[in-house]
4 protein chains.
Amino acid sequence: MDNSIRVTVWNEYLHETTYEEIRKVYPEGIHGCIAGFLKDAGMDVKTAVLSEPEHGLTDAVLESTDVLLWWGHMAHHKVEDAIVEKVYRRVMAGMGLIVLHSGHASKIMQKLCGTDSHLLRWREAGEKEILWVVDPAHPIAEGLGDRIELENEEMYGETFIIPKPDDIVFISWFEGGEVFRSGVTYARGRGRIFYFRPGHESFPTYYNKDVQRVLINAVKWAAPLQMPQVTLGQIKDPIMPLKNPVHNVISGLHSKKD
Amino acid sequence: MDNSIRVTVWNEYLHETTYEEIRKVYPEGIHGCIAGFLKDAGMDVKTAVLSEPEHGLTDAVLESTDVLLWWGHMAHHKVEDAIVEKVYRRVMAGMGLIVLHSGHASKIMQKLCGTDSHLLRWREAGEKEILWVVDPAHPIAEGLGDRIELENEEMYGETFIIPKPDDIVFISWFEGGEVFRSGVTYARGRGRIFYFRPGHESFPTYYNKDVQRVLINAVKWAAPLQMPQVTLGQIKDPIMPLKNPVHNVISGLHSKKD
Amino acid sequence: MDNSIRVTVWNEYLHETTYEEIRKVYPEGIHGCIAGFLKDAGMDVKTAVLSEPEHGLTDAVLESTDVLLWWGHMAHHKVEDAIVEKVYRRVMAGMGLIVLHSGHASKIMQKLCGTDSHLLRWREAGEKEILWVVDPAHPIAEGLGDRIELENEEMYGETFIIPKPDDIVFISWFEGGEVFRSGVTYARGRGRIFYFRPGHESFPTYYNKDVQRVLINAVKWAAPLQMPQVTLGQIKDPIMPLKNPVHNVISGLHSKKD
Amino acid sequence: MDNSIRVTVWNEYLHETTYEEIRKVYPEGIHGCIAGFLKDAGMDVKTAVLSEPEHGLTDAVLESTDVLLWWGHMAHHKVEDAIVEKVYRRVMAGMGLIVLHSGHASKIMQKLCGTDSHLLRWREAGEKEILWVVDPAHPIAEGLGDRIELENEEMYGETFIIPKPDDIVFISWFEGGEVFRSGVTYARGRGRIFYFRPGHESFPTYYNKDVQRVLINAVKWAAPLQMPQVTLGQIKDPIMPLKNPVHNVISGLHSKKD
C-alpha cells in the first residue's frame, strides 16, 4: 500500500447520530460509506469527525493526508477557527480538498473562495436532479456517461456566489426549475479543490455508483504532485545584472511583514 | 456632476509623513496625486487615510463609494478587522475595488483571494520594468500602446500566490530577470476587482500618463452596474410543479444558518 | 447620432420568406425585429441578409460596423467562405460579434471557436426555458432579474462542444431535463464575441423585453474600444541591450511566413 | 509495454536536412531527440515527418496515437489541408496534442485556436530566456524548480494573439525586454492541447533536462482518458415529460445539417 493516496474523510457526524431515519440511510455515518468505496478503490483511508479532539484533524493526521474530504451541514460554526487555519495551510502547501454538498457553507470553503459561498437557493423536496457533464475532457468525468441521474435530492439553485471556477465539470438540472454549477474546481496555492454538490443526508446518494466514480476520480485528480520547488523565505539576488541599482538593494521572497 | 463615478482613494499615508524623500515625490500623499488625475477625468473623488477614525471608511463614506482604490504597505496589520469586513461586504454588494502595489498583502486582498497573496519575490533596486499588454481587447488597456515602460520600480516576481485571475491584462518584465502578472481582475459576488502592481512610494509612478490611463480605465470598468436583482432572503416555492415532493417542503434563498 | 454604436443585424431570412407561420411571428424578418429595438436604444442600425450580393456584407458595410449580430439556421453552408473570412478579419481587428441561436453551427462561429460547436442536443417541442443569471457582476446581465423565463422555445442541451468560455453569463433549464450554457463570451484578437442561445424562429422570443435587454447590453459590451496600438508588421530591435547577440539578429512582428 | 502511452513525434525535418549547422545540433532530427527521451520515460514512441506519404500521419498511425507532438517552422503551408483535418478530428475525439515552438503558426494550431496565433514578436539573437512557473499546482510543472533557464533561445514576445488559455503554466522573460506566455493549455472537444514555446532548431533546447521533464509531464497530462460516453448521432426523447409539446416533436444530437 506504499504508493496509495492517503485520504481522510471528515464528517460532522451529527445527523446520523441524532436522527433515526438518517442513521438508517448511513448506519456507519456518511464518512463510513465514503471511506468504504475509496478503500475498495485501493486508497489508504482514515476518517475523522467533529466530536473528536481537534475534530480528529491533529497535526499528525493532516501531515499524513494527501486529500481531505469534507462533509458538514448544521454545525459549521462549531468548527474551531484554529483547525480551519491548519486545513487552509495544508491546502496552500499542496493537500487536495474535496468539499461535499453543504460544505459550500463551511468556514474552510468560504475562506478559500473569498466570497459568500454559503449563498444560494435551496429546497428540500426530494426532487429529481440530473447532473450533466459539460467538460468531457476533464479527469473528474472519466468513465461516466453523459449525465448522472439522481431520483431524489435536495435542490441547490443559482445564483451561487462563488468565484469564477477554474473548471466547471457538471451542471445540475432540478425538477423544480433550477440549475446549479454542481462540480467546480479551484487551485489555491499548491492545492487543488473540488466542490461536488450532491449528497444530502436523507438520500442514499453516496451509494450511487456514478457518484462514487466522481469522488474516486476527484481524489486522484486532487492528490498532490511532486511539487515545483518554489522556494520561499530566502533572500535572492537579481538573476541578471542591473545597470543602475539603487544604493542598498533589499530583496526577499516573502512579504515584508514576515 | 450627477452621473459621475464616486471614487474613494484610500492610502495608508505613512511613508509620505515619515520620510522626507518620499514626501518630495508625493507632497500631497499618494492619495492626493491619484485623486488629482481622477478628478481631472471627471470623477467625484474623496480620499481617506489610515489615521482617521475608522480609517476614514465610515458607513457614510462606503455607502457613497462606487469604486475604492487601496494603497497600503507597511501597516496592513494596523487596519482594523471590522473595517476590512465592511469593505468586503461592500465589494460583495457591487462596489468596485482597485488594489495597488503592496496592497497585494493587505487583509482585504487576502480575504478576497483566498490565498497567500502576500507571497511573491521582491527587490528594491529601482530597476527597469516593462508592462506588456497581453489582452488587447480588455477595457482596462483601452488607448494604451503595446507596453508601458517605467525606468525605476520595485521588482515583484513570480510565483505570485493568487487564484487563477479572471483576466490577465498586463505581464511585467524586470531588468533583473523576473516576470509578474501585473494587472489581473477578479469578480467576487457583485463586485469587480483589479490589482495593479506598479506604484512603489519612492518612484514617481503615479505621475506616468499611461499608469494614470490604466487607473482611469479601471475605475470605469469596476464601477457597479445596475445589478441583476438576485433577491436573497425570501422563501421561494418551486417554479415548476414537482411530481413527488416530500411531505414538508422547506426552502430558502440563504444558507440554513442565516 | 455621431457617437452611437454602428450595428449591423445579419439574418439568413429564409424561414420568414418561406413559411407563412414564421412570417406571422416576424413580419419584417427577425432582423427587422432586432433592428427595431436596437434603434430604439439609440443605436445606428443597418440590416443585411443572405440573398443580397456578398450577403449584404460588403467591405463598406463591414468597415462601418462596430458590432455585427448573426442569425442563421438552415443555410449555413450557403454562406460564402470569402465572406466568412472577411468577418473573421474584422473580428480580429476589433469588431464585436453577437451570435444568435442556431448561429452556433455557422461557419464563422466554428472558425472562431476551433471546435465542433455545431454539436449539441436539440428538440423542437416548444417547451419552457428558464435562463438563470450565474454571473451577477457581468455587464451583459445589467438590469435583469435573477432569471428570464420563456414559455416556449426550442431546446438545446449539453454537452455543447465549445471551448471553455471566458465568461458564462446564463445557464438554461429546460422542461425536458436538459441544461445549456446559454450566454457565453470569448475574446478573439481584439474582438469580443457573445453567443446567446434563445431565438427559435417559430417563437416570439425577440419581442421579450428581457431578451431585448440582453442584446442591448451585449452590443454595448462588444463595441470596440479605442484599441491598444499593438503594432504589427514592423521590424523591432531589442528594447534592452543583449550581452552576446548571435551574429545576424533577425527580428519581426509577424510570423516568418508573412 | 501494454499500458504505455502511444506517442507520435511529428517533425517538419527540413532544417536538419538542409543546414549542416542544424544537423550538428540534432543529428537524428529534432524528432529523434524528442523520441529518445520519451522512450526512456517508458512511452511507446513513433516518429513521422513531412516528406513521408500523408506526412507519415496515415489513418493507422493517427488511430494508434494517444498524444501527438508537432514541430514545424518553415513549411507550414506545405502541410496538406486533408491531414490537418484528420488531426483536428482526432483531437476532437480525445487525442492529446503538444505544439512546439514555431508550431504556433501551424495550420492545426490556428484552426484549434480560432485566432491569428501566428502573430507575435520574434527575434533570433540567441539571447537568454527564463521560464517562470506561475501555476505551481499544475501537473505539467511537476518536479521542476521555480524556473527553467536557457542560455540561448530565439525570442517570442507579446502580444501573442491566442484565446485566453485554460491554464498558463509558464511565462518567459527574455534578455531583450520581452515576456511571453510560454506554456499554455486548451481543451477542444475531448482533446487536451499544450503549447510550449522553447525549441528553436539552432539551440540544444531539447537536451535540457527540465525541458524534457516538461514534455514528459505534458504527454502524461494530455493522454486521453476513458472518456465520458457523450453519445452523438442518436435521436433522443425528452428525459422528463413535457406539459404542452408542440405537435411533431423533432429532436437530435447533431446539428440539423448532419
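The values are calculated or read from the model by the stated rules, or taken from the named source; none is laboratory data. Quantities reported herein were computed from a predicted structural model and do not represent experimental measurements. Glycine also receives a Cβ, built like all others from the backbone with ideal geometry; neighbour counts cover every protein chain displayed. Ligands, DNA and RNA are excluded from the accessible area calculation, which covers all protein heavy atoms including side chains. Shrake-Rupley method; radii C 1.70, N 1.55, O 1.52, S 1.80 Å.
Side notes on the structure shown:
- The mean count of C-beta atoms from other chains within 10 Å of the C-beta of residues in C:161-171, rounded to a whole number, is 6.
- A simple count of charges around A:Glu201, restricted to other residues whose Cβ falls under 12 Å of its Cβ and scoring Lys, Arg +1 and Asp, Glu -1, yields -4.
- Label-point gap, in nm, between D:Lys220 and A:Arg89 - each point 7 angstrom along Cα→Cβ: 2.9 nm
- Inter-copy spacing of D:Gln226 label points, which lie 7 Å from Cα along Cα→Cβ, given in nm from shortest upward: 2.6, 5.4, 5.9
- Against chain C, whose longest principal axis is taken from its Cα atoms, helix C:209-222 shows a tilt of about 10°.
- Inter-copy label distances at D:Pro241, using a point 7 Å along Cα-to-Cβ, come to 0.9, 8.3, 8.3 nm with the shortest given first.
- Computed over the Cα atoms of segment A:66-129, the ratio of the radius of gyration to the Kirkwood radius (Rg/Rh) comes to 1.01.
- For segment D:148-217, the Cα gyration tensor yields ellipsoid semi-axes of 21, 16, 9 Å (square root of five times each eigenvalue, largest first, whole Å).
- Surface exposure of the protein assembly as shown, expressed per residue as accessible area with a 1.4 Å probe, stands at 34 Å².
- Note on the protein assembly as shown: with charges restricted to the Cβ of Lys and Arg (+1) and Asp and Glu (-1), its dipole about the Cα centre is near 0 debye.
- With all protein chains modelled, accessible area of A:Ser202 [1.4 Å, Å²]: 40 Å²
- Unsatisfied cross-links (Cα-Cα over 25 Å) in the set A:Lys164/B:Lys107; A:Lys111/B:Lys86; C:Lys107/D:Lys107; B:Lys164/B:Lys209: B:Lys164/B:Lys209
- Relative contact order, percent, chain B [alpha-carbon distance under 8 Å, six or more residues apart]: 18 percent
- Accessible area buried at the D-C interface, both sides summed, 1.4 Å probe (Å², nearest 100): 4800 Å²
- Axis angle, to the nearest 10 degrees, between helix C:29-40 and the longest C-alpha principal axis of chain C: 70 degrees.
- Using just its DSSP H runs of length 4 or more, each adding -39500 (n - 2.57), the protein assembly as shown gives a mean residue ellipticity at 222 nm of -6500 deg cm²/dmol after division by all residues.
- Sum of side-chain charges, C:Trp10 neighbourhood, beta-carbon under 11 Å (Lys, Arg +1; Asp, Glu -1): -1
- Applying D = kT/(6 pi eta Rh) to segment C:64-204, where Rh is the Kirkwood radius over alpha-carbon pairs, T corresponds to 25 °C and eta to 0.890 mPa s, the Stokes-Einstein value obtained is 158 µm²/s.
- Exposed GluC sites (Glu not before Pro) absent: longest stretch of chain D, with sites in DSSP loops and at most 16 other Cβ within 10 Å deemed exposed: D:81-258
- Rounded to the nearest 5, the antiparallel percentage of DSSP beta bridges internal to chain A is 55%.
- The rotation axis that maps chain B onto chain A passes nearest to the beta carbon of this chain B residue, listed with its distance in whole angstrom: B:Gly114, 2.
- Cβ-vector label at 7 Å, B:Glu54, separations to other copies in nm: 4.1, 6.1, 7.4
- 0 to 90° range, to nearest 10: angle between helix C:81-92 axis and chain C longest Cα axis: 70 degrees
- Whole-Hz couplings from phi, Karplus 6.51/-1.76/1.60, listed for segment B:174-183; x for Gly and Pro: 10, 3, x, x, 9, 10, 7, 6, 8, x
- Segment B:82-133 - charge dipole about Cα centre, Lys and Arg +1 at Cβ, Asp and Glu -1, debye rounded to 20: 240 debye
- Alpha carbon centroid spacing (whole Å) that separates segment A:21-49 from segment A:120-190: 22 Å
- Loop-located chymotrypsin sites (Phe, Trp or Tyr not before Pro) in segment C:110-193 whose Cβ has at most 10 other Cβ within 10 Å (DSSP): none
- For peptide A:148-158, the mean count of partner chain Cβ atoms within 10 Å of a residue's Cβ comes to 3.
- Alpha-carbon Debye profile of the protein assembly as shown, log10 I(q)/I(0) at 0.04, 0.08, 0.10 Å⁻¹: -0.19, -0.82, -1.35
- For chain D, alpha-carbon Rg over 2.2 N^0.38 Å: 1.11
- Environment charge at C:Ile22 (Cβ cut-off 11 Å; Lys +1, Arg +1, Asp -1, Glu -1): -2
- Choice from C:Leu57, C:Leu97, C:Leu144 with maximal GNM fluctuation in chain C (Cα, 10 Å cutoff): C:Leu144
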